[in-house]
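Here's the structure we're looking at; comments come further down.
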Amino acid sequence: MDRKKARILVVDDHALVREMLKERLSQEPDLEVVGTAKDGLQALEKATRLGPDLVLLDIDMPGLSAFDAARQITDQSPCTRVLFLSGYVQDAYIAQALQVRAGGYTTKGGTPDGILHCVRKVLKGKICFCPEVSSRLEITDQGVRLSPGLRTRVQLLTPRELDVLSYLGRGMSKKEIARTLELSVKTVDQHSTNIMRKLDIHDRVQLARFAIREGLVQP
């Protein structure tokens, strides 16, 4: 009797990347790509419906942030693991990946074998970071975290505040953010106030520049 294949959902906003990942993963006898998605909302819907063992999730996508999608996916399905895939190694991205307790973070610039290595490791319940990310981390008794010298003001923010900041950095209005995160406008406004206070930035344009500089939004 054949071993059960691990079920994977591939999420990337670029169709070519999605198909290349799907084709490569499908070549493995122990892996099965059960679906693909082009953004965070579609990933959330398909993960809820398909119940994959692992979601291979691109970070920089339009709409619902990858980190908020990951948080909602794992809240709804604790057995589903998330492995972030990105073209960028940004401290802010790494910090957010750690905050949502992702199984790992690897880059699109890595080799196919490197991505497969992380996929299989995360499926086994372990964590996997590519060398470029691992070099920026330290392991302590409290867990994995960014090396102290690399931490920035971003780490003063809660995961929800980071989500709001990333959307503000994209130029979204508070109403649009509220709709995306399924929050009230009043709650988004309170998060915005907290962000400005913690960062000591009191201008919307400067907030957007900070978000871009910290890698929360790609320019």
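Exactly one residue out of VAL89, VAL82, VAL122 is assigned by TED's automatic domain parsing to the domain that holds GLU19, of a type in the set (A, V, I, L, M, F, W, C) and either free of Cβ contacts under 8 Å to residues at least 24 places away in the same chain or part of a helix (DSSP H, G or I) (or both): that is VAL122. Within segment 179-192, the set of residues being in a helix (DSSP H, G or I) and surrounded by 11 or more Cβ atoms within 10 Å (Cβ to Cβ) comprises ARG179, THR180, LEU181, VAL185, THR187, VAL188, ASP189, GLN190, HIS191, SER192. The condition (being in a helix (DSSP H, G or I), among the basic types (Lys, Arg) and under 25 Å from TYR167 (Cβ atoms)) is satisfied by just one residue among ARG71, ARG49: ARG71. Quick check on ARG213: is it of a type in the set (Lys, Arg), modelled with pLDDT under 85 and touching a helix residue (DSSP H, G or I) at 6+ places or on another chain (Cβ under 6 Å)? Considered against the rule, which asks whether it is of a type in the set (Lys, Arg), modelled with pLDDT under 85 and touching a helix residue (DSSP H, G or I) at 6+ places or on another chain (Cβ under 6 Å), ARG213 comes out as no. Annotation: SER135 fulfils all but one of (1) on the phi < 0 side of the Ramachandran plot; (2) modelled with pLDDT of 90 or more; the unmet one is (2).
Of the candidates VAL100, VAL164, the single residue that is assigned by TED's automatic domain parsing to the domain that holds ARG71, modelled with pLDDT of 80 or more, in contact with a helix residue (DSSP H, G or I) (Cβ under 7 Å, 6 or more places away or on another chain) and not polar (S, T, N, Q) is VAL100.
Against the criterion of being over 18 Å from the mean Cα position of the chain (by Cα), without any contact (Cβ under 8 Å) to a residue 40 or more places away in the chain and farther than 17 Å from CYS130 by Cβ, GLU23 qualifies.
The values are calculated or read from the model by the stated rules, or taken from the named source; none is laboratory data. Just so we're clear, the structure is a prediction, and the values are computed from it rather than from any experiment. Neighbour counts are summed over all protein chains in view; Cβ atoms, including those assigned to glycine, are modelled from backbone coordinates with ideal geometry.
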